[in-house]
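S.K.: Take this structure first; my questions come after.
Just so it is clear, none of the values below were taken in a lab; they were calculated from the coordinates. Keep in mind it's a predicted model, so treat the numbers as computed, not measured. Note: ideal-geometry Cβ built from the backbone for every residue, glycine included; neighbour counts use all protein chains shown.
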Amino acid sequence: MTELTKLTIAQARDEMAKGAFTATELTEAHLRAMEAKRDLNAYITETADLAREQAKASDLRRQAGKAGALEGIPLGIKDLFCTKGVQTTAASHILQGFTPPYESTVSGKLLDAGAVTLGKLNLDEFAMGSSNMTSYYGKVTNPWKSTSEPAKQLVPGGSSGGSAAAVAARIAMGATGTDTGGSIRQPAAFCGITGIKPTYGRCSRWGIVAFASSLDQAGPMARTVRDCAIMLGTMAGHDPKDSTSAPMPVPDFEAALTGDIRGLKVGIPREYRPDGLSDEIQAVWEQGIAWLKEAGATPVEISLPHTKYALPTYYIVAPAEASSNLARYDGLRFGLRVEGKTLDDMYKKTRAAGFGSEVRRRIMIGTYVLSAGYYDAYYSKAQKVRRLIAEDFTQAFRQVDVILTPTAPSAAFGMDENTDDPVTMWLNDIFTIPTSLAGLPGLSLPAGLNASGLPLGLQLIGRPFDEETVFKVAGVMEAAAQFTHLPEGV
Amino acid sequence: MSLDKAAVRAIAELARIEVADEELDHLAGELSGILHFVEQLAEVDTNGVAPMSSVADLTLPMRKDEVTDGGQVAAVLANAPAADDGFFTVPKVVE
């Protein structure tokens, strides 16, 4: 029965429709696997009892002929999505004890489609990080091990590190992630799974703990392109409760997987080949280009001239928005409270005790760049450069249908690496941040292993609201890559 | 721009985060490093470029001005660290 955890969502869906096994059996298999893999620390909160109830209800719905698109599929939910009656932490001390009285739109849609939720997945505190090391609930271990240094503990990437580790370790069939600057794509690459940040506005942000509201976007993480397409079809859609969610119909993403990319033009941006890009990343990128050529697509060299300014732009815009969003944590309405002599004293003590160092750093930078006298020099300047970065993509998409790049500049790194200087850690997101600033869909899929047996990801970037082309091309690359490697102990 | 201890103290005050005096030096170094990094944007010519506040090319929608939710005092207060008689409570602000 443990083999049930190795099925893809599409396989489990089709098998359950045939009556091969029940949602209860599938859920129990996952609950057992979760218990066996607690050392990864992928889940902050396991909700086994709730999952069993949901599975039972799912089996009854199926018997009644009312199966939804994700009927009986066990999923994990990033602990940034508010879940009714289940503790929601954002991996921060400051939300201690917070149990939302409501369900986020995206997780609610998954439940309405029949999904079973296994628990709340670990992440970097408030989704700020690229290593999942900033969680108040402890770091997450990447289930993959380097063959050259098997004793080394590797990070799963971040911020959706728990989601990526759980899907890779087969303790969730799929998971929700959120992506502000690469938080779905980089951990997907580090853990050898597939994840897509859809176009900004495709999924409702309502009920997701806010980090940087002009960038935050929910998306699926799963083991195949098809599984991501199935999940996104359920997660997406207009929501009157999020005024930035797009009033657009949701296409049948799964139907886009035709396998036919003949005649498509694939942009290869020359700025994504900086000096010092590692040979292994370069090689996997070349391999990706070759696969697309074999399938009848045409690579076209393009230029995205403002690429090098994306990282500094992001590190003004995102902290600025975060400093505003996180002002709500005041010790008053929810979460942690540290008593003080005055109201101000209580605010300051609560926020000092409740926020970790990376979050505090970003709030302070954001506060500074928004403060009187510096707003124009920093924030307004960054918003202008952001427009130039977005326009680079608009220009490029006049020539090409999709863009192919590496997802991250390296494979998963050790827990003791990249920790000295915040800017070094941020460099992990150099290939994902431009897409976020432009609001475009970006998908990462595993393309191969490096010399140490660690997964490497490639990123496909599409036009706004053209996830279908991204999925179609990703499906062709996935078929060519034949990535069947498994992490340790799976 | 390099920040000194006084500047960091002022930012912390604005952000309502208590910072111990012995942490100020370290934070000043870290925040100055970040500012130095982002200041490379100065070299980009942005004359005539409008600031981009959102990628969503949408006019914020209007809806009917009517109550759609409310009357949930118990649910709203359920997560409060301290509440009394239907209100959030705070330290005394008036002597």
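S.K.: Averaged across the residues of B:86-93, what count of C-beta atoms belonging to other chains lies within 10 Å of each residue's C-beta?
M.R.: Partner Cβ neighbours, averaged per residue: 4.
S.K.: List the lysines whose alpha-carbon lies under 20 Å from that of A:K109, not counting same-chain residues fewer than 8 positions away?
M.R.: Once the sequence-local lysines are set aside, what remains near A:K109 is A:K56, A:K66, A:K78, A:K84, A:K120, A:K197, A:K241.
S.K.: Still on this structure, please answer the following. Restricting the calculation to Cα positions, tell me the Rg (one decimal) and the Dmax (whole number) of region A:192-265 in Å.
M.R.: Every Cα atom of region A:192-265 included, Rg and Dmax give 13.6, 42 Å.
S.K.: Most exposed first by the Cβ proxy, i.e. fewest other Cβ within 10 Å, how do A:M364, A:M231, A:M425, A:M221 rank?
M.R.: A:M425, A:M364, A:M231, A:M221
S.K.: Give me A:V284, A:V140 sorted ascending by neighbouring Cβ count inside 10 Å, so fewest comes first.
M.R.: Taking fewest neighbouring Cβ atoms as first place, the list is A:V284, A:V140.
S.K.: If you fit an axis through the alpha-carbon atoms of helix B:5-15 and take the longest principal axis of the Cα set of chain B, what angle between them do you get, 0 to 90°, nearest 10?
M.R.: Around 30 degrees separate the two axes.
S.K.: Counting only other chains, and only Cβ atoms inside 10 Å, what mean value do you get across the residues of B:69-78?
M.R.: Per residue, the number of nearby Cβ atoms from other chains is 2 on average.
S.K.: How about A:K265: which lysines have a C-alpha closer than 21 Å to its C-alpha, ignoring those fewer than 8 places off in the same chain?
M.R.: Excluding near neighbours in sequence, the set is A:K293, A:K472.
S.K.: Could you give the semi-axes, largest first, of the ellipsoid that matches the protein assembly as shown, computed as the square roots of 5 times the alpha carbon gyration tensor eigenvalues and rounded to whole Å?
M.R.: 35, 31, 23
S.K.: When the Cα centres of region A:399-452 and region A:87-141 are compared, how far apart do they sit, in Å?
M.R.: So the two Cα centres are separated by 23 Å.
S.K.: If you don't mind, another one. In what sequence do A:H93, A:H30 fall when counting other Cβ within 10 Å, fewest first?
M.R.: A:H93, A:H30
S.K.: Next up: How far is it, in nm, from the label point at B:R63 to the one at B:V90 when both lie 7 Å from their Cα along the line to the Cβ?
M.R.: 2.8 nm
S.K.: Using a cut-off of 13 Å between alpha-carbon atoms, which aspartates and glutamates can reach B:K92, once sequence neighbours fewer than 8 places away in the same chain are excluded?
M.R.: List returned: A:E339, A:D344, A:D345.
S.K.: May I ask for the net charge around A:P319, where only other residues with Cβ less than 12 Å from the Cβ of A:P319 are counted and Lys, Arg are +1 while Asp, Glu are -1?
M.R.: +1
S.K.: After finding the eigenvalues of the alpha carbon gyration tensor for region A:1-145, what semi-axes result from the square roots of 5 times each, listed largest first in whole Å?
M.R.: Square roots of five times the eigenvalues give 28, 18, 12 Å.
S.K.: Quick one: work out Rg over Rh on the C-alpha atoms of region A:2-261, Rh as Kirkwood radius.
M.R.: Reported Rg/Rh, Kirkwood definition of Rh: 0.94.
S.K.: Could you work out how far the C-alpha centroid of region A:238-261 sits from that of region A:345-372, in angstrom?
M.R.: 37 Å
S.K.: Right, next: Cα centroid distance between region A:1-22 and region A:324-340, in Å?
M.R.: 44 Å
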